[in-house]
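Have a look at the structure below before the remarks.
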């Protein structure tokens with residue numbers, strides 16, 4: 001299967017768009033909210049890192065998405081993806 005897919009149903013994700021030469025995708029509106037909040041934040045504080053402890057979702061975001069030079073484009077793409085959602089979601 002080409003591109004991001006749902007792990008359970010093995011179907012392509014609906015929320016995906018080209019962004020900065022990559023594919024920006026989200027499972028749902030909460031996932032979009034998390035990415036948007038992280039990318040929009042001017043100060044990104046990290047909690048204490050414990051060796052061997054699982055990493056958080058935002059720590060696993062790709063570097064291109066977290067890079068400040070891509071901030072405006074990533075936020076535009078998130079808004080575009082959000083506009084495809086049914087009203088009320």
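The values are calculated or read from the model by the stated rules, or taken from the named source; none is laboratory data. Bear in mind the structure is a predicted one, so any value in this text is a computation, not a measurement. Cβ sites come from the backbone with ideal geometry, for glycine too, and all protein chains shown count toward neighbours.
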Per the list (1) surrounded by 12 or more Cβ atoms within 10 Å (Cβ to Cβ); (2) touching a helix residue (DSSP H, G or I) at 6+ places or on another chain (Cβ under 8 Å); (3) at pLDDT below 75, residue check on residue 66 breaks on (3)
Taking interchain pairs and intrachain pairs at least six residues apart, which have beta carbon atoms under 9 angstrom, with the first residue in segment 27-50 and closer than 30 Å to residue 14 by Cα and the second modelled with pLDDT of 90 or more and surrounded by fewer than 13 Cβ atoms within 10 Å (Cβ to Cβ)? 36/79
Restricting to segment 19-61, count the residues that are surrounded by 10 or more Cβ atoms within 10 Å (Cβ to Cβ) and either closer than 19 Å to residue 77 by Cα or modelled with pLDDT of 90 or more (or both). 23
